[in-house]
1. Exactly one of these conditions fails for Ala200: (1) surrounded by 18 or more Cβ atoms within 10 Å (Cβ to Cβ); (2) within 15 Å of ligand 1 (Cβ to nearest atom). Give me its number.
2. For the stretch 142-185, which residues satisfy the criterion of being closer than 30 Å to Glu126 by Cα, away from ligand 1 (no atom under 14 Å from the Cβ) and assigned to a helix (DSSP H, G or I)?
3. From the list Tyr197, Tyr209, which one is outside the structural domain of Tyr120 (by TED's automatic domain parsing), touching a residue at least 12 places away in the same chain (Cβ under 8 Å), under 15 Å from the mean Cα position of the chain (by Cα) and closer than 18 Å to Phe102 by Cα?
4. Within the stretch 212-234, work out how many residues are among the aromatic types (Phe, Trp, Tyr) and over 13 Å from the mean Cα position of the chain (by Cα).
5. Residue by residue through the stretch 159-177, note down the ones that are touching a helix residue (DSSP H, G or I) at 6+ places or on another chain (Cβ under 7 Å) and either outside the structural domain of Tyr209 (by TED's automatic domain parsing) or under 21 Å from Pro253 (Cβ atoms) (or both).
6. With the condition kept exactly as written, say whether any residue in the stretch 162-180 is free of Cβ contacts under 8 Å to residues at least 24 places away in the same chain, among the hydroxyl-bearing types (Ser, Thr, Tyr) and either surrounded by fewer than 22 Cβ atoms within 10 Å (Cβ to Cβ) or out of contact with any Pro (no Cβ under 9 Å at 6 or more places or on another chain) (or both).
7. Report, by residue number, each residue of the stretch 79-118 that is hydrophobic (A, V, I, L, M, F, W, C) and either outside the structural domain of Ala130 (by TED's automatic domain parsing) or closer than 21 Å to Leu27 by Cα (or both).
8. Looking only at residues in the stretch 23-45 that are part of a helix (DSSP H, G or I) and within 21 Å of the chain's Cα centre (by Cα), which one is surrounded by the most Cβ atoms within 10 Å (Cβ to Cβ)?
Amino acid sequence: MIDLVSVEQHVMEVCHEVGEFIRVESLNFDRSRILLKEGFNNLVSYVDKESEKKLVSTLSELIPGSGILGEEGTSTKSTNGYLWIIDPLDGTTNFTHGLPPFAISIGLTLHDKSVLGVVYEVTKKEMFHAIEGRPAYCNDQVIKASPIDSLNESLFATGFPYYDFPKMEAYLSIIRKFLKQSHGVRRLGSAATDLAYVAAGRFEGFFEYNLNPWDVAAGAFLVQQAGGMVTDFSGGSNFLYGREICAAGKIHPEMQSLIAAEWGY
Ligand code: 2AM
Ligand code: CA
């Protein structure tokens, strides 16, 4: 058995260290250094790649035999069931434009079940963290998902589609419904941060499609440990690899059924 409390401490330490590197780079980032990955609008920089390298060398030693799935190409097999799912810089577009927020996202699963989630939002220096069997925290404070259960008192977050445009009409119908019935909808540009904010009760709910496991692994676990609910758009549990996520506090059932109806489920 591994000591998750100690693993979590080490993960937070490396997030502080790599977060400092990202913060310093953000102060004088030159946009001519943006690289394009395969796919439309897919930005990456030397900062994303360098951060992943630093995280991978620490995490692989922290739990010997663990595998790593990283956005910037790291893919190593697990020999003991533990898999790190990491985004070294979530919110790259914000980062390259000098805008907040952007974050490091580190999830850990054991045989596909989440056991740890850490999201370090670099610009506000907020460390969101949780391990199995414990509450979720922002820095040293316990956080809870929102108890609000009416749409018209809720503030939602989402990410705009950046490809897969055929699904855009259904997505816009969802937005139209939320705009008419809620406090509003925000688009921060970092899914890991959106999820951490749902865990902290700042947003009542978050939904997005076409995200990757590294965008959501840590944040979804934070929401669950903070007493919230996370599903795919149909209400099922395939949100980690299924590319649809609906995460919320008490408003979850109403939010999810509104999304499912517009999505055609
Ligand atoms: P990233 O910055 O790590 O790429 C915003 O909606 C979310 O989508 C972010 O978490 C962002 O993560 C992710 N994303 C992935 N590909 C993207 C793209 N091409 N454009 C904008 N956001 C993207
Ligand atoms: Ca990223």
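The values are calculated or read from the model by the stated rules, or taken from the named source; none is laboratory data. If you're wondering where the values come from, they're calculated on a predicted model, not measured in any experiment. FYI the Cβ positions are ideal-geometry reconstructions off the backbone, even for glycines, and counts take in every protein chain you see.
1. The one condition Ala200 does not meet is (2).
2. If the condition is that a residue be closer than 30 Å to Glu126 by Cα, away from ligand 1 (no atom under 14 Å from the Cβ) and assigned to a helix (DSSP H, G or I), then Leu151, Asn152, Glu153, Phe178, Leu179 are the ones that fit.
3. Numbers: Tyr209 fails: closer than 18 Å to Phe102 by Cα.
Answer to the check: Tyr197.
4. Pass one, the stretch 212-234, residues among the aromatic types (Phe, Trp, Tyr): 214, 221, 233.
Then keep just the ones that are over 13 Å from the mean Cα position of the chain (by Cα); that gives 233.
Qualifying residue count for the region: 1.
5. At the first step, the residues of the stretch 159-177 found to be touching a helix residue (DSSP H, G or I) at 6+ places or on another chain (Cβ under 7 Å) are 159, 161, 170, 173-174, 177.
Answer for the stretch 159-177, where residues must be touching a helix residue (DSSP H, G or I) at 6+ places or on another chain (Cβ under 7 Å) and either outside the structural domain of Tyr209 (by TED's automatic domain parsing) or under 21 Å from Pro253 (Cβ atoms) (or both): Ala170, Ser173, Ile174, Lys177.
6. First pass over the stretch 162-180, keeping only residues free of Cβ contacts under 8 Å to residues at least 24 places away in the same chain: 165-166, 168-169, 172, 175-176, 179-180.
When the remaining residues are screened for being among the hydroxyl-bearing types (Ser, Thr, Tyr), the result is none.
No, every residue in the stretch 162-180 fails to be free of Cβ contacts under 8 Å to residues at least 24 places away in the same chain, among the hydroxyl-bearing types (Ser, Thr, Tyr) and either surrounded by fewer than 22 Cβ atoms within 10 Å (Cβ to Cβ) or out of contact with any Pro (no Cβ under 9 Å at 6 or more places or on another chain) (or both).
7. The first filter runs over the stretch 79-118 and keeps only residues hydrophobic (A, V, I, L, M, F, W, C), leaving 83-86, 89, 95, 99, 102-104, 106, 108, 110, 115-116, 118.
Selection gives Leu89, Phe95, Leu99, Phe102, Ala103, Ile104.
8. Taking the stretch 23-45 and keeping what is part of a helix (DSSP H, G or I), we get 23-27, 31-33.
Applying the additional criterion that residues be within 21 Å of the chain's Cα centre (by Cα) yields 23, 26.
Numbers: Arg23: 13, Ser26: 19.
Residue satisfying both the conditions and the ranking: Ser26.
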